Amino acid sequence: YENLLGTNSPTAQRRHLYARYTAAETEFWRAHRKAAGVLHFTALGYSRPAGQTSDHWLDVKRLTWEPEFYRYVRDAFAPVGLMIDAWAEDYLPGRKQDFRVMIFNDLEKPWKGEVRFRILREGKAVAEEKLPAEVAGAGSASVVFAATIPEIPGNYLVEAVLPKSPTGPVRSLRD
């Protein structure tokens, strides 16, 4: 956490980072379909006073999720999910950039629906596009969005969403 957030980062900031990174890594392994399964091994693994695992439960006895973990990792484990296949930290302003979105389906029957792609700044969309997608049962597919990177430098969030997956809206995010 020190390398990414500094020496005095608050617990909430660390939990947010942990949840977002765990979600992105889970999406990666699921989307590429090279692993027989993706498991989150520390859900009830162990915890100790100086340990840094199992910190996504607020109450283990009642199985109450830490909200950030549940908010982001829930989508990464959805039976029909997606991953923004973009990992750069910076993009050149004003340039067209292709963003590949991989959709994966762990259900037996095919899934068909819409993929929504947005670039957000401070929660407001500065670019948006929608494309149809189809994924065979136990398969994967990709769609590519060509977006123009905003001219104004700053921090942006890239979001891909399956608005109507079998479990409700599912999203993938990249900062």
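See the values below:
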{"read-out": "Count of residues meeting criterion [open to solvent by less than 20 Å² (accessible area, probe 1.4 Å), part of a loop (DSSP other than H, G, I, E, B) and at pLDDT 95 or above] in segment 46-82", "value": "1"}
{"read-out": "Residue that is most open to solvent (accessible area, probe 1.4 Å) [pool: residues in segment 134-157 that are in a strand (DSSP E or B) and farther than 24 Å from Asp106 by Cβ]", "value": "Thr148"}
{"read-out": "Test: residue in segment 91-100 that is out of contact with any Pro (no Cβ under 7 Å at 6 or more places or on another chain), open to solvent by less than 70 Å² (accessible area, probe 1.4 Å) and closer than 17 Å to Val170 by Cα", "value": "no"}
{"read-out": "Pairs with Cβ under 6 Å, 6+ apart, first in segment 60-73 and farther than 13 Å from Tyr21 by Cα, second assigned to a helix (DSSP H, G or I)", "value": "Glu66/Arg15"}
{"read-out": "Residue list for segment 1-26, restricted to those being open to solvent by 90 Å² or more (accessible area, probe 1.4 Å), outside any helix (DSSP H, G or I) and not β-branched (Val, Ile, Thr)", "value": "Asn8"}
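The values are calculated or read from the model by the stated rules, or taken from the named source; none is laboratory data. Model, not experiment: these values are computed from the prediction. In this analysis, Cβ positions are derived from the backbone assuming ideal geometry, glycine residues included, and neighbour counts consider all displayed protein chains. Heavy atoms of the whole protein, side chains included, go into the accessibility calculation; ligands, DNA and RNA do not. Shrake-Rupley method; radii C 1.70, N 1.55, O 1.52, S 1.80 Å.
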